[in-house]
């Protein structure tokens, strides 16, 4: 091991000796606090981490976020088609919580946020929680744009680290709201959109690209939300990523054009 790596580990251990929980340190990462922080490998569950360890971390994170006035907003589902999930040999879709601070901006700093990619997403909104069907609980859907930037120095070292880091999510820009009807549930999965960068088309995608059974992702989101003690309620979101190949983040304006289903926009500076 190089001397620099040993030094980083010693400094990380010293920082962790301060009376503060690991989840509180991770909140500092999310807030982009400009101070020394322990390395994420020391903040997240030790490897090899089990599913139960990740669930426990997310449960504690939801509590800490609530204590700091960041509301739980829903669940993001990252499918097996995601490039990072594939490269880390993931075997199933990953669900992570998302919070109100992820939806505050439509303009993001590439350098400050350490952005890596722009990824289209499709967002479902919960409304009718009395409906026995997971899909039936959704009342509307939106095109959305997600900006992604790992908080690890380079790349997530493990699938559990990727999950604990909220699948590298930095923020979402949600666009036009559409009412979810029985007819739209049939046309929605195969209805294509175009992602534009400064008015130039760069990607094409649709919900079907995320999974062979994309609506099953909604069931996964409901199940996971209950596991972390935050069952989905009216007004919460389910964000389905992996609906298009990701694209490297560049300065400029991004727009999803989804035909009759509207648009979503964000800007990177």
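Per residue of the chain, what 222 nm ellipticity follows from adding -39500 (n - 2.57) for every DSSP H run with n ≥ 4, rounded to the nearest 500? Write out the running numbers ahead of the final one.
Values: 8 runs with 73 residues, N = 269.
Helix-only estimate at 222 nm: -7500 deg cm²/dmol.
Which length gain, in nm to one decimal place, applies between residue 87 and residue 104 when the Cα-Cα distance is subtracted from 0.36 nm times their residue separation?
Working: separation 17, 0.36 × 17 = 6.12 nm, distance 3.05 nm.
Using 0.36 nm per residue and subtracting the Cα-Cα distance, I get 3.1 nm.
Working from Cα pairs under 8 Å separated by at least six residues, relative contact order for region 123-177 is 37 percent. Computed log10 I(q)/I(0) for region 38-158 at 0.09, 0.15, 0.22 Å⁻¹: -0.31, -0.91, -1.76, from the Debye equation with unit scatterers placed on every C-alpha and solvent omitted. Ordering of 156-164, 253-261, 107-115 by packing is 156-164, 253-261, 107-115, highest average first (other Cβ atoms within 10 Å, averaged per residue).
Which shape class applies to region 206-269: rounded if a/c is under 1.5, otherwise prolate when a/b exceeds b/c and oblate if not, where a ≥ b ≥ c are the square roots of the Cα gyration tensor eigenvalues? Spell out each step's value before the answer.
Working: a/c = 2.08, a/b = 1.72, b/c = 1.21.
It is prolate, given that a/c is not under 1.5 and a/b is the larger ratio.
Computed over the chain with a Gaussian network model linking Cα atoms closer than 10 Å, the most mobile of 52, 234, 146 is 52. Among 204, 174, 77, the largest mean-square fluctuation in a Gaussian network model of the chain (Cα springs under 10 Å) belongs to 204. Classified by the C-alpha gyration tensor, region 137-230 has an oblate form. Its axis ratio a/c, with a ≥ b ≥ c, is 1.5 or above, and a/b does not exceed b/c.
For the chain, count the residues as N, evaluate 2.2 N^0.38 Å, and divide the Cα radius of gyration by that value, please.
Normalised Rg, Cα atoms only: 1.00.
Springs join every pair of Cα atoms under 10 Å in this Gaussian network model of the chain, and among 90, 74, 171 the largest mean-square fluctuation is at 90.
Of all alpha-carbon pairs in region 138-180, indicate the percentage at a distance above 16 angstrom.
Details: 452 of 903 pairs.
Across region 138-180, Cα pairs with separations above 16 Å total 50 percent.
Compared with the dominant Cα axis of the chain, that is its longest principal axis, helix 216-227 is turned about 40°. Distance from the Cα centroid of region 139-178 to that of region 199-259 is 9 Å (rounded to whole angstrom).
Take every Cα pair under 8 Å whose residues are at least 6 apart in sequence, average their separation, divide by the length of the chain, and the relative contact order is 24 percent.
Calculated FRET efficiency, residue 269 and residue 133, Cβ-Cβ r, R0 45 Å, to nearest 0.05?
Numbers: r = 42 Å, r/R0 = 0.93.
According to the calculation, E is roughly 0.60.
Could you please state, rounded to a whole Å, how far the C-alpha centre of region 181-196 is from the C-alpha centre of region 83-97? Centre-to-centre (Cα) distance: 24 Å.
Bear in mind these aren't lab numbers, they're just calculated from the coordinates by the rules spelled out. Please read all numbers here as calculations on a predicted model, not as lab measurements. Heads up, the Cβs are rebuilt from the backbone with ideal geometry, glycines too, and the neighbour counts pull from every protein chain shown.
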